[in-house]
Amino acid sequence: MKIGVSLNIDVTKIDKARLHKGAKGTYLVLTTFIDLDNKDQYDNNGFVAHKKKEGEQGNTPILGNVKVFWSDQAQQDQRQPSNNQPQQSSTNFDMDESEDIPF
């Protein structure tokens with residue numbers, strides 16, 4: 001499944017000590033949790049926070065929110081056959097002779 005999300009981050013809450021220099025720029029590792037089935041009072045599906053460092057205890061500050069604005073769930077549901085209905089074979093050798101052939 002694919003989803004489109006929008007992130008809204010308060011950059012003043014970023015712990016500058018968590019920024020690290022890489023070969024091609026300065027990076028900040030974040031974590032997000034997204035709940036597609038539930039929204040908060042502001043229509044958000046989750047939050048963004050600093051990624052915990054190894055051995056770090058407790059929660060890291062929430063930097064912002066995540067809002068799902070698009071999902072291909074409906075498209076996938078249409079493509080996948082329902083598990084409740086038995087699939088019919090394209091050839092039916094058990095035809096009753098009394099059935100009319102449509103051609």
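Among residues of the range 34-60 that are surrounded by 10 or more Cβ atoms within 10 Å (Cβ to Cβ), those with a beta-carbon under 8 Å from a residue that is among the small types (Gly, Ala, Ser) at least six positions away or on a different chain give the pairs Ile34/Gly46; Asp35/Gly46; Leu36/Ser71; Phe47/Gly64; Val48/Gly64; Thr60/Ala49. Being surrounded by 10 or more Cβ atoms within 10 Å (Cβ to Cβ) and not polar (S, T, N, Q) is the filter here; which residues of the range 24-33 pass it? Correct list: Tyr27, Leu28, Val29, Leu30, Phe33. When the residues of the range 48-93 are filtered to those that are of a type in the set (Gly, Ala, Ser), farther than 19 Å from Val5 by Cα and under 26 Å from the mean Cα position of the chain (by Cα), the one that is modelled with the highest pLDDT is Gly58.
The values are calculated or read from the model by the stated rules, or taken from the named source; none is laboratory data. Here the structure is a predicted model, which means the values were calculated and not measured. Ideal geometry is used to build each Cβ from the backbone, glycine not excepted, and the neighbour counts take in all protein chains shown.
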